[in-house]
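Below: the structure, in structure tokens.
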Amino acid sequence: MNINFNIIIKQLIPFFSLFLIAYLINSLIYIYLPKSSPLTKIGQEYNIEYKKYLLFDNLKEKQKLIETKIEQKIVEVKKEYKLISNITLKAIYSSSISTNGWIIIAQNNSIKTIMLSVGEMFKEYKLIKVFAKYVIFEKNGKEYKLSMSGAKDEPKYQIIKKQIKKIDNIYSIKREDINLYQKDISKIWKDISIKEIRKDGKIDGFKINRISSKSIFNDLGLKKGDIIKGVNNIIIESYADAFKLYRKLDNTDNLQFTILRDNETMEMEYEIK
């Protein structure tokens, strides 16, 4: 009986060992795991946006977007003003310094002329340099050269000296002669040549370097070497000042020139009739 009992115990020892090991592992897991179960929301909904993508439709949308961008670029190009092909250079007044001077231009579809001095803008183009036969505009860092068109025929005009009268140091001139020069400023440079005089880097007057003896300027009493300091008590300190006076000639009945002759200041008055 004892022999049988010992045999049974020997056979059960492996099973007890396995049970003991399992019990130890289970105890360790019980110690480290949380005591309560995780909470979960019942009936929680997940709304996921659903989109239907069609390859053909996507390609059509991309094509439309590309076409729209191309059309926008075409419109922008059409809006850009082409300076060189749309204006004509009518007259140039240049000096020894290319950054000084002024010009007269006209748009090809208009008879109206426009005066510009260096530094002024026209249609987003800035006049930066003036030379004897051409000028330079600048836009977005790019330079544009505009030249005088070579005219075969010389402009025809006439000056009637008898229309000028001097009465007690006051010269009288007919308005039609003034209008003659206003219509074609190039006639002025045929009869007179002037150059700016600078002092401390600023314009201090305009010196007459040449004057035609048969011109209206000679009959007005002006002489070579005279320095024009001002007009109508306005000191001319820039080309812009000269432009303003030139534009106002239509509404001016009297002119008063302040000139420096042989280091003496003189006043010369003109009556426009």
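Assorted remarks:
- Taking the alpha carbon gyration tensor of segment 190-249, multiplying each eigenvalue by 5 and rooting it gives semi-axes of 20, 15, 9 Å, largest first.
- Full extension of the segment from Asp250 to Asn109, taken as 0.36 nm per residue of separation minus the current Cα-Cα distance, would add 48.4 nm.
- Our Cα-only numbers for segment 161-272 put the radius of gyration and Dmax at 13.5, 42 Å.
- Added length on full extension, which subtracts the Cα-Cα distance from 0.36 nm per residue, Leu20 to Ile272: 77.5 nm
- Segment Ser172..Lys139, full-extension length gain: 7.3 nm, with 0.36 nm per residue of separation and the alpha-carbon distance subtracted.
- Per-pair calculated FRET efficiency, R0 = 25 Å: Ser27 and Asn6 via Cβ, rounded to 0.05: 0.20
Rule-based calculations on the coordinates, nothing more; no lab input. Not measured: the values here are computed from a predicted model. Every residue, glycine among them, receives a Cβ derived from its backbone with ideal geometry; neighbour counts consider all protein chains shown.
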